[in-house]
Amino acid sequence: MSEHQFRLYREYQRLSPEKMHQRSADFLSEMQRRRTVRDFADKAVPRAVIENCLRTAGTAPSGAHLQPWQFLAISDQATKEQIFHHAEEVERDFYRGEATRQWVQDLEPLGTGEHKPFLHQAPWLLVVFAKRHGLNPDGTLKKHYYVNESVGIACGFLIAALHRAGLVSLTYTPSKSKFLNRLLQRPENERPYMIVVTGHPAKSAQVPVLERKALNELAEFI
């Protein structure tokens, strides 16, 4: 027997096949309306909504249940402006020197370039850090497992929760992100993973015309 405590799983709700199909179809329909948006309205979003979305992200599975993520929810305009200016400097250097021609061509249909105005336009920046390791009470290092996979799943939960709450989002990964550690005073064991930009779409917001892969292109049944 394990020395750790276990309890009966009582939260599970058994559904009929018909109910399962309906709920899966309803969720699919809702998520098909989700789009990445780069133009945000100057409209506030209650902190309580963001808190619930972050709690949802925290329900994601993780390696050894060590939850190797840290979220910084930023609404302070001065801090957002600092992130914006640092990111623009980084992206300017990247697009004008380090980015490959193929990379720039692949991004062009999405409207992505060196300018990132959404970083100071959107009401919230949710900066996600991946904890490469933890710390034991005695100060020694605590190994973390499957960090990238765990944090990626948590970000997926977060994006779905934001959409469910009636918000839009954008995932932004600076080409060089170490400035976020310095700017936000994060410890060395935390690595910037992505910024989830969120809020309401601007009335003039546009999204590219895209097609998602059909089921037979993205999955096989054996």
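The values are calculated or read from the model by the stated rules, or taken from the named source; none is laboratory data. Keep in mind the model is a prediction, meaning the values are calculated, not measured. Positions of Cβ are generated from backbone atoms using ideal geometry, with glycine treated the same way; all protein chains shown enter the neighbour counts. Surface areas here come from the heavy atoms of the whole protein model, side chains and all, with no ligands, DNA or RNA. Shrake-Rupley method; radii C 1.70, N 1.55, O 1.52, S 1.80 Å.
Looking only at region 24-67, which residues are touching a Leu at 6+ places or on another chain (Cβ under 7 Å) and either without any contact (Cβ under 8 Å) to a residue 60 or more places away in the chain or of a type in the set (Gly, Ala, Ser) (or both)?
Ala57
Collect the residues in region 123-169 that are small (Gly, Ala, Ser), touching a helix residue (DSSP H, G or I) at 6+ places or on another chain (Cβ under 6 Å) and open to solvent by less than 20 Å² (accessible area, probe 1.4 Å), keeping them in residue-number order.
Going residue by residue through region 123-169, those that are small (Gly, Ala, Ser) are 130, 134, 139, 150, 152, 154, 156, 160-161, 165-166, 169.
Filter once more, so that each one left must be touching a helix residue (DSSP H, G or I) at 6+ places or on another chain (Cβ under 6 Å): 130, 150, 154, 161, 165, 169.
Ala130, Ser150, Ala154, Ala161, Ser169, listed by residue number.
Can you tell me which residues in region 93-110 are open to solvent by 70 Å² or more (accessible area, probe 1.4 Å) and either touching a Pro at 6+ places or on another chain (Cβ under 8 Å) or at pLDDT 90 or above (or both)? It would help to see each step written out before you state the result.
Taking region 93-110 as the starting set, the residues that turn out to be open to solvent by 70 Å² or more (accessible area, probe 1.4 Å) are 93, 96, 98, 100-103, 105-106, 108-109.
The one that is open to solvent by 70 Å² or more (accessible area, probe 1.4 Å) and either touching a Pro at 6+ places or on another chain (Cβ under 8 Å) or at pLDDT 90 or above (or both): Pro109.
State whether one or more residues within region 54-68 are within 16 Å of the chain's Cα centre (by Cα), surrounded by 10 or more Cβ atoms within 10 Å (Cβ to Cβ) and more than 26 Å from Tyr146 (Cα to Cα).
no
Would you check which residues across region 170-192 are of a type in the set (S, T, N, Q) and open to solvent by 70 Å² or more (accessible area, probe 1.4 Å) and list them?
Start the filter on region 170-192 by keeping residues that are of a type in the set (S, T, N, Q), which leaves 171, 173, 175, 177, 181, 185, 189.
Listed by number, the residues that qualify are Thr173, Gln185.
So in region 72-92, with the set limited to residues that are open to solvent by 40 Å² or more (accessible area, probe 1.4 Å) and within 11 Å of Leu126 (Cα to Cα), which one is farthest from the chain's Cα centre (by Cα)? Before you say what the answer is, go through the steps one by one.
Going through region 72-92, the residues open to solvent by 40 Å² or more (accessible area, probe 1.4 Å) turn out to be 73, 75-78, 81-82, 85-86, 89, 92.
Applying the additional criterion that residues be within 11 Å of Leu126 (Cα to Cα) yields 73, 75.
On the way: Ala73: 12, Ser75: 16 Å.
It comes out as Ser75.
For region 41-53, name all the residues that are in a helix (DSSP H, G or I) and open to solvent by 80 Å² or more (accessible area, probe 1.4 Å).
Applying the first criterion (in a helix (DSSP H, G or I)) to region 41-53 yields 47-53.
Result: Arg47, Asn52.
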